[in-house]
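Okay, so here's the structure we're looking at.
Computed from the coordinates by the stated procedures, all read-outs in this text should not be read as laboratory data. Since the structure is predicted, the reported quantities are computational estimates derived from the model, not experimental observations. Positions of Cβ are backbone-derived with ideal geometry, glycine not excepted, and every protein chain shown enters the neighbour counts.
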Amino acid sequence: MKRLAVVAVVTLVMLGCTASGDHTPVTGPVTVQAAGKKADAPKEMKAFVSEQELKDYLHELAERAKREQRARISGVVSMGGPLPSAAPVAKEATSADMASVANESVTNVQHAGVDEGGIVKVHGDQLVVLRRGRLFTVEIGGDELTPISMVDAYGPDIDPRGTWYDEMLVSQNTVVVIGYSYERGGTEVGMFHIDGAGKLAFRATYHLRSNDYYSSRNYAGRLIGNKLIFYSPLYVNPWSEDPFQSFPAVRKWHKGATPGEFKRIEPAARAYRPAYPFDVAYGTALHTVTTCDLSSGDFDCTATSVVGPPGRVFYVSPRAVYVWVTGGAYVGEKMRARSMVYRMPLDGSSPSAVGVSGSPVDQFSFLESEDGYLNVLVRSNDVGDGMWGAENSRGGVKLLRMPVSSFSDGSEPVDESSYLKLPTPGGYTFENRFVGDYLLYGTGSGWGYPQARGKATLYAVRWASGDVHRVPLAHGIDRIEQMGSDAVVVGVDGADLHFSAVRLEGTPQEVCDYVRKNASQGEMRSHGFFYKPQDRDSGMLGLPISVPGRPGYYNLFQNSAAILFLRNRGLRFEEVGELGAQPEKAKDDGCRASCVDWYGNAQPLFVHGRVIALLGYELVEGEVEDGVIHETRRVNYAPRNLTASREWDESGVPN
């Protein structure tokens, strides 16, 4: 519904590889300093000690908003001076309980062991696929490629209109579908049982109070072991007679369920206040991280929130959730962006914070590195990645590098010496990614129409030292992915799709520019790509492709034409071939929900030693012989070919 209104505004030839590159460092090595001096005793973020204190605080925000609005109208606006500059103190970084990953992954995740919500997962010998409001399973054990089961991705007593069922995670024998319901007003979580044979059965639906979590790049859910982790914003109305009506809460859905059945899952002691003023006239949000333990098979959840302005980007490392909030504040007569980054440890200990400036573009702007630092690329005029925010990145570019131990109560800003000014690229859509020892960034066409650029610059920043290198490319930069210890950069130049292999060992340089004539990317999201390493220097990658000149946002409405497979041999690409769709055989699926592919519809799957292309309702398997892929079979798992599974009985027996 509302997402459609937003997107309406956004309106076989092989070439040889060529190497190029001007590799002179832009800036010399720098030593990035910590935020201030280390204090003797740690400061902690202040939680509210009672419901009354929290209510009084919200009332104060409402009164302050009234004063600021009156002052702005009168032309005399002031919101205090700059943030204080006393030294923050150390807070020991903690490690999350990292359970072993039992299933083979088909998801192009940012961190190993931190699974991300997606449209396809592996459960033992089955693929589980979320497609247009339904869940499907396909047997892939042995030599099988056989559809098994189908259920609606929502409960039998739910009207799915006005709800988007976006992403899915699998934990042991539980399938979790995450969606957002405009009809019922919150994050909708469907719980399904999957048995060893791949049979699906609905168990229960829960609602989490939230506003729409959608981001054109990020994913709402993460799974670490049996811990399901959600981020969601909750916009608070401090003028409300009962502001707690918008606080984190859960209800179990049933026919006739009412708002009064929501139960708070966050006491005042798990709500934290910022230690700096922000301009409440532009909104107040509870940035909420909800953790649900799935080990019992139930939906046992707790929530932690921080109060702040509405702009946000969140990132999940193996140890913590980071939420970067950004809002405006008037200093004298000028509007200044003020930001805070919160660190919420996954072990359940108290959050910590630090004052910062600018905003990351998306989750790929972050890296919590093994040396105990948080590294973040920021732009001066960004306000977060909510909805389509990441596609409108702008402003100067800096790299923030600060010790994780610098996080404290948020009263102190990061010292200016912790920021390294970087070159600002010209161009349309900004892409960035930490790969190995480098931060890579540049601009391309993104969700818009492909541009005939002819040339672009990939910036490679060694984040530990600050060395900056320029790597010239013959195409725009629409995707940056890790490929072993090196990188592959994908982008268009008019009607052609380029794959540049970039060596990061030693001096960064382009080694190969492989050109796929008359093609464009078929998927914009990170999960559309996958690289399967064979050894240190070789492997195979897959990426959905489409017709030439197709604008990026068409992937929401049109299926990809094929999955293109390339072999990497020492950073030289060889085309293996493609597995194509047969759209002429598609039939009406009777779609009732999620009929726009916000989270994609095509992926390469390297699973159980097999190569499979997911293309809408088709699964196409290929076999590689003498360096060329040949289709061996295909199966259509569309609803008309399957019988719906039954509802799950809590006794453990299907009804």
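Kirkwood Rh over alpha-carbon pairs of the stretch 137-255, then Stokes-Einstein at 20 °C and 1.002 mPa s: what D in µm² s⁻¹, rounded to an integer? Each step should come with its number before you reach the end.
Values: Rh = 15.8 Å.
In µm²/s, the coefficient is 135.
Step through the table entries Lys199/Lys252; Lys532/Lys585; Lys199/Lys263; Lys227/Lys398; Lys199/Lys587, compare each Cα-Cα distance with 26 Å, and write down the pairs that go over it. Display every interim value, and only then the final one.
Values: Lys199/Lys252 23 Å; Lys532/Lys585 30 Å; Lys199/Lys263 32 Å; Lys227/Lys398 34 Å; Lys199/Lys587 24 Å.
Those over the limit are Lys532/Lys585; Lys199/Lys263; Lys227/Lys398.
How about the stretch 446-540: which trypsin sites (Lys or Arg not before Pro) there lie in a loop by DSSP and see at most 11 other Cβ atoms within 10 Å?
Working: sites: Arg453, Lys455, Arg462, Arg470, Arg479, Arg503, Arg516, Lys517, Arg525, Arg536; in loops: Arg453, Lys455, Lys517, Arg525, Arg536.
Loop-located and lightly packed - Lys455, Arg536.
So, R0 is 30 Å and r is the distance between the beta-carbons of His630 and Thr146; what FRET efficiency does that work out to, to 0.05? Please list the in-between numbers first.
Values: r = 21 Å, r/R0 = 0.69.
So, using R0 = 30 Å, E works out to roughly 0.90.
Can you work out the FRET efficiency for the pair Asn381 and Lys46, with r the C-beta to C-beta distance and R0 = 30 Å, to the nearest 0.05? Before the final figure, lay out each step's value.
Numbers: r = 30 Å, r/R0 = 1.01.
Rounded to the nearest 0.05, the efficiency is 0.50.
Highest first, please rank the peptides 151-158, 131-138 by the mean number of other Cβ atoms sitting within 10 Å of their residues.
Numbers: 151-158: 20.9, 131-138: 23.8.
The most tightly packed comes first, giving 131-138, 151-158.
Mind running the shape call on the stretch 483-604? Use the C-alpha gyration tensor, a ≥ b ≥ c as the square roots of the eigenvalues: rounded below 1.5 for a/c, prolate if a/b tops b/c, oblate otherwise.
Values: a/c = 2.21, a/b = 2.00, b/c = 1.10.
Taking the square roots of the gyration eigenvalues as a ≥ b ≥ c, the stretch 483-604 is prolate.
Name the long-range amide H neighbours of Ala464: under 5 Å, sequence gap of 5 or more, or other chain; modelled H, no Pro or chain starts.
Hits under the 5 Å cutoff: none.
Suppose each label sits 7 Å from its Cα in the direction of the beta carbon; what would the Tyr235-Arg569 distance come out to in nanometres?
If labels sit at Tyr235 and Arg569, their model points lie 5.6 nm apart.
Calculate one ³J(HN,Hα) per residue across the stretch 241-250 by plugging θ = phi - 60° into the Karplus curve 6.51 cos²θ - 1.76 cosθ + 1.60, and present them in order as whole Hz with x for glycine and proline.
4, 10, x, 6, 5, 10, 8, x, 7, 10
May I ask you to list the trypsin sites (Lys or Arg not before Pro) in the stretch 214-261 that are in a DSSP loop and have at most 11 other Cβ atoms within 10 Å of their Cβ? Mind showing how you got there, number by number?
On the way: sites: Arg217, Arg222, Lys227, Arg251, Lys252, Lys255; in loops: Arg217, Lys255.
Here the sparse-neighbourhood loop sites are Lys255.
Once you have the Cα-Cα distance between Gln245 and Glu416, take 0.36 nm times their residue separation minus that, and quote the gain in nm to one decimal. The partial results should precede the final answer.
Details: separation 171, 0.36 × 171 = 61.56 nm, distance 4.00 nm.
Difference between extended and current length: 57.6 nm.
Counting other C-beta atoms within 10 Å, which of Glu241, Glu575 has the fewest, and how do the rest follow?
Values: Glu241 6, Glu575 19.
Least crowded to most crowded, the residues run Glu241, Glu575.
Test of understanding: what is the full-extension gain from Asp300 to Cys595, defined as 0.36 nm times their sequence separation minus their Cα-Cα distance?
Working: separation 295, 0.36 × 295 = 106.20 nm, distance 3.07 nm.
Answer, rounded to one decimal: 103.1 nm.
Taking the Cα-to-Cβ direction at Thr507 and at Glu261 and moving 7 Å from each Cα, how far apart do the two end points lie in nm?
For the pair Thr507/Glu261, the computed spacing is 6.7 nm.
Note the full-extension length gain between Glu104 and Ser369 as 0.36 nm times their separation in residues minus their Cα-Cα distance, in nm to one decimal.
On the way: separation 265, 0.36 × 265 = 95.40 nm, distance 2.48 nm.
Answer, rounded to one decimal: 92.9 nm.
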